[in-house]
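Can you read through this structure? Questions will come right after.
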Amino acid sequence: MPRTDWWRTAAIYQVYVRSFADGNGDGTGDLAGARARLPYLAELGVDALWFTPWYLSPLADG
């Protein structure tokens with residue numbers, strides 16, 4: 001039977017996609033960049049990722 005409380009002892013890493021990793025070279029982080037860093041995060045012992053919510057915007061605040 002799998003443990004249902006795995007998160008109590010897990011290392012959970014929060015990712016803000018826009019600034020985490022740029023996968024296509026346009027200077028803004030994206031999911032491709034985050035996906036490319038998964039092996040590194042696994043080496044660090046990260047058990048789960050929490051993606052900070054992001055929304056479509058004109059980036060007027062960026």
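The values are calculated or read from the model by the stated rules, or taken from the named source; none is laboratory data. On a predicted model such as this, the values are computed, not experimentally measured, just so you know. Here Cβ is always computed from backbone atoms with ideal geometry, including for glycine, and neighbour counts include all displayed protein chains. Calculation scope for accessible area: heavy atoms of the full protein, side chains included, ligands and nucleic acids excluded. Shrake-Rupley method; radii C 1.70, N 1.55, O 1.52, S 1.80 Å.
Take the residues in the range 1-24 that are touching a helix residue (DSSP H, G or I) at 6+ places or on another chain (Cβ under 7 Å) and assigned to a helix (DSSP H, G or I); name whichever of them is least open to solvent (accessible area, probe 1.4 Å). Walk me through it before giving the result.
As a first pass, look at the range 1-24 and keep what is touching a helix residue (DSSP H, G or I) at 6+ places or on another chain (Cβ under 7 Å): 13, 15, 17, 20-24.
Checking the rest, the ones that are also assigned to a helix (DSSP H, G or I) come to 17, 20.
Values: 17: 10, 20: 63 Å².
Residue satisfying both the conditions and the ranking: 17.
Follow-up question, since we're still on this one. When residues of the range 32-60 are filtered for being on the phi < 0 side of the Ramachandran plot, open to solvent by less than 50 Å² (accessible area, probe 1.4 Å) and touching a residue at least 12 places away in the same chain (Cβ under 8 Å), how many remain? Lay out the reasoning, then the answer.
Within the range 32-60, the subset on the phi < 0 side of the Ramachandran plot is 32-44, 46-58, 60.
Remaining after also requiring open to solvent by less than 50 Å² (accessible area, probe 1.4 Å): 32-34, 41, 46, 48, 52.
After this cut, where a residue has to be touching a residue at least 12 places away in the same chain (Cβ under 8 Å) as well, the list is 33-34, 41, 46, 48, 52.
Of the residues in the range 32-60, 6 are on the phi < 0 side of the Ramachandran plot, open to solvent by less than 50 Å² (accessible area, probe 1.4 Å) and touching a residue at least 12 places away in the same chain (Cβ under 8 Å).
List pairs: first residue in the range 18-31 and of a type in the set (A, V, I, L, M), second residue open to solvent by 70 Å² or more (accessible area, probe 1.4 Å) and assigned to a helix (DSSP H, G or I) anywhere in the structure, Cβ distance under 9 angstrom, at least six positions apart or on different chains.
Note: pairs meeting the criteria are 21/35.
Mind checking which residues of the range 25-35 are touching a Gly at 6+ places or on another chain (Cβ under 6 Å) and outside any loop (DSSP other than H, G, I, E, B)? Before you say what the answer is, go through the steps one by one.
Step one: of the range 25-35, the residues touching a Gly at 6+ places or on another chain (Cβ under 6 Å) are 30, 32-33.
Across the range 25-35, the qualifying residues are 32, 33.
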